[in-house]
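Okay, structure first, notes after.
Each reported figure results from applying straightforward, stated rules to the coordinates on display, with no laboratory input. This is a predicted model, so every value here is computed, not measured. Glycine also receives a Cβ, built like all others from the backbone with ideal geometry; neighbour counts cover every protein chain displayed.
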């Protein structure tokens, strides 16, 4: 009985971990947009990684100091994954600073779609008819949402173009990170041990670029927000590492794909409640339809692959 129930239990844990990541990322874009009002992008990214590394190193070191050995002899692919994740953070936050939370969250969904299609290019897998329809729906959704954002007038057209390009670059970097994370987990490397490396590399490489004066002048409320961003990094990537350990990458992507819906819903609630600190955002009927097409199309692609 134990052997038959263990896979089901592991799958449930993986789904819960992926869902927790989606929830955290759903609120993350709004919080980061607020933070960029007072803190430069590079400093925010550095702080998130440094915060996450400090807490995780303390936790892992107290449980088993030998696990810190990965920092002394890091695997080469682990270093590449860390650089990919750093590029993802920088590109996404720089794009978010130029656009809106809703726009960033919808556009970054090109990442799980790219991850699902990597097998087509790398392993020469064939797209089924349903997958082609799903890709077409997602592309139509991206186009419709982009049109809605362009006519919304919340940000200038030039800033929107620059932001979208940065977010797309961040999506490509995330695909590289996720593929390497899955590969290294499959080789027996514990997710949290790998995360130590993923957090340390950007902490060290971005250190010279930190704007210390910006951090020194923060209010208590902004420090609380920065603490949330750091904790979000630790918890979200800790959870996704556990999810990738227990589930195929495409199943993790299915759950994560739902996070823009959380952002859209949270944005509506904040504006309806009159929250003065909520970042400017505007999504029209065409935009909501486009977002629905994006999520539905990606789910069709990923779910069909899950049955294949």
| task | Taking just the C-alpha trace of the range 13-131, give me its Rg and Dmax in Å. | result | 17.6, 52
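Of all the Cα-Cα pairs you can form in the range 179-306, what percent are over 21 Å apart? Don't skip to the end; give the middle numbers.
Numbers: 4973 of 8128 pairs.
Looking at the range 179-306, the distances longer than 21 Å represent 61 percent of pairs.
Neighbouring Cβ atoms within 10 Å as the yardstick, rank 273, 253 fewest first. Intermediate results must be reported in sequence, preceding the final value.
Numbers: 273 8, 253 27.
Lowest count first: 273, 253.
How do 32, 226 rank when sorted from fewest to most other Cβ atoms within 10 Å of their own Cβ? The partial results should precede the final answer.
Working: 32 26, 226 21.
Ranked by crowding around the Cβ, least crowded first: 226, 32.
Could you line up 211, 193, 64 from fewest to most neighbouring Cβ atoms inside 10 Å?
Going from sparsest to densest Cβ surroundings: 64, 211, 193.
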| query | Given Cα pairs under 8 Å that are at least 6 residues apart, what percent is the relative contact order of the chain? | reply | 42
| Between residue 159 and residue 130, what is the label-to-label distance in nm when each label sits 7 Å out along the Cα-to-Cβ direction? | 4.3
| note | Expressed in nanometres to one decimal, the distance between label points 7 Å along Cα→Cβ at residue 59 and residue 73 is 2.6
| field | Within the chain, helix-based [θ] at 222 nm, where runs of 4 or more DSSP H residues each add -39,500 (n - 2.57), nearest 500 | value | -27500 deg cm²/dmol
| said: So if I take the centroid of the Cα atoms in the range 246-267 and the same for the range 58-76, what is the distance between those two points in Å? | reply: 30
| request: Given the peptides 149-158, 107-116, arrange them by the average over their residues of other C-beta atoms within 10 Å, most packed first. | output: 107-116, 149-158
| query | If you average 1/r over all unlike Cα pairs in the range 104-232 and invert the result, what Kirkwood radius do you get in angstrom? | reply | 18.3
| remark: Rounded to whole angstroms and listed largest first, the alpha-carbon spread of the range 2-307 along its three principal axes comes to 55, 55, 33
